[in-house]
Amino acid sequence: MRAVLRWTAAVVVFAAVGASTAYGITRMERTDVPGLRTESDGRWAYPTLTKPPLPSGSPAPFARANDSNAHHADLRALLLPAPEGATVDKVLSGSDGWLATKDFLKEFQETSREQIQEKLVDAGLRHIAARGWTTQDGATTRIYLLRFGTAAVTEGVFSEDFTAYGTPLYPARGGDAYERDEDFPAVPQSDNLDLAPYVESKPYGGEQVRLAYLSAGDVMAVIVQSRKGTMPAIPFQQTVVLQSQLLD
């Protein structure tokens, strides 16, 4: 009888210890569990995204009731926020959050700026909202949202004035030759948006540039990232996808 009681007590103790360990594991983050630590893939820690409220009675940009696919929310509030730990570029905030066209044109090579300005004027550019930052790894990001009168005009500017399949029509400054970013994931992408991603082709100089154009209703987004050495693909893809979600 004593032997039976001793074994019974031992089983109870082991069961209690096992249950406590299992509970502790479920309460821990995966990266805190020995043997389950996952190495970072280079993505940045962005804050939780929240779309800005729409004016009363205004439909979402791709709702059935919105035939023009217009973004009625404040364009400045549709800009992707900077990730955690990044230093924000105050110059891109412009006046009251609006960026002058001449400052947007600085993103391109000087020989192209006059021609780009003429195309933007002809297309009836309304205004530009912009945001930029530098992360701790030395990568710089600049995002521009350009609003036009209609979705049809925006699509024309996107497909005829700025992009071609193999290369952008106007290279961003810092890079001379670009090619289509064939490694950019094909899915998931919204049917409401058109995307043209590019990457500076080798050999590049002291830094590498990645560039993307997005057409979303009456807004065209221009996203530029660069870093000394090489600009990793993961944060570029992450930034483009998150900005797409805010415009969708």
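Details
- One Cα centroid belongs to region 202-242, the other to region 56-107; the line between them spans 17 Å.
- Dipole in debye (nearest 20) - region 99-223, about Cα centre, beta carbon charges: Lys, Arg +1; Asp, Glu -1: 440 debye
- Three-way shape label, region 33-121, alpha-carbon gyration tensor, a/c 1.5: oblate
- Computed FRET value (nearest 0.05) for Ala100 with Asp176, which takes r as the C-beta separation and R₀ as 30 Å: 0.70
- Distance between modelled label sites at Arg126 and Lys51, nm, 7 Å Cα→Cβ extension: 1.7 nm
- Other-chain or far-sequence residues with amide H under 5 Å of Thr163's (modelled H): Leu169
- Evaluating 6.51 cos²θ - 1.76 cosθ + 1.60 at θ = phi - 60° for every residue in region 110-115, the Karplus couplings come out as 4, 5, 9, 5, 5, 5 Hz, glycine and proline recorded as x.
- In order along region 232-248, the Karplus-derived 3J(HN,Hα) couplings, from 6.51 cos²θ - 1.76 cosθ + 1.60 at θ = phi - 60°, round to x, 6, 4, x, 5, 4, 4, 5, 5, 5, 5, 5, 4, 5, 5, 8, 6 Hz, and Gly and Pro are given as x.
- Cα shape, region 73-230, gyration tensor, a/c 1.5 rule: rounded
- Under 28 Å of direct C-alpha separation, and excluding same-chain neighbours fewer than eight residues apart, Lys106 reaches these lysines: Lys90, Lys119, Lys202, Lys228.
- Built amide H within the under 5 Å cut-off of Val209, gap 5+: Glu200
- Couplings 3J(HN,Hα) of region 161-169, computed from phi: 9, 10, 10, 9, 4, x, 7, x, 6 Hz, in residue order, whole Hz [Karplus 6.51 cos²θ - 1.76 cosθ + 1.60, θ = phi - 60°; x for Gly and Pro].
- Once both labels are positioned 7 Å from their Cα atoms along Cα-to-Cβ, the gap between Ser190 and Asp41 label points is 2.2 nm.
Readers should treat all values here as calculations from the given coordinates under stated rules, not as data from a laboratory. Owing to the predicted nature of the structure, the values given are computational and were not obtained by experimental measurement. No Cβ is skipped: glycine too gets one built from the backbone with ideal geometry, and neighbour counts run over all protein chains shown.
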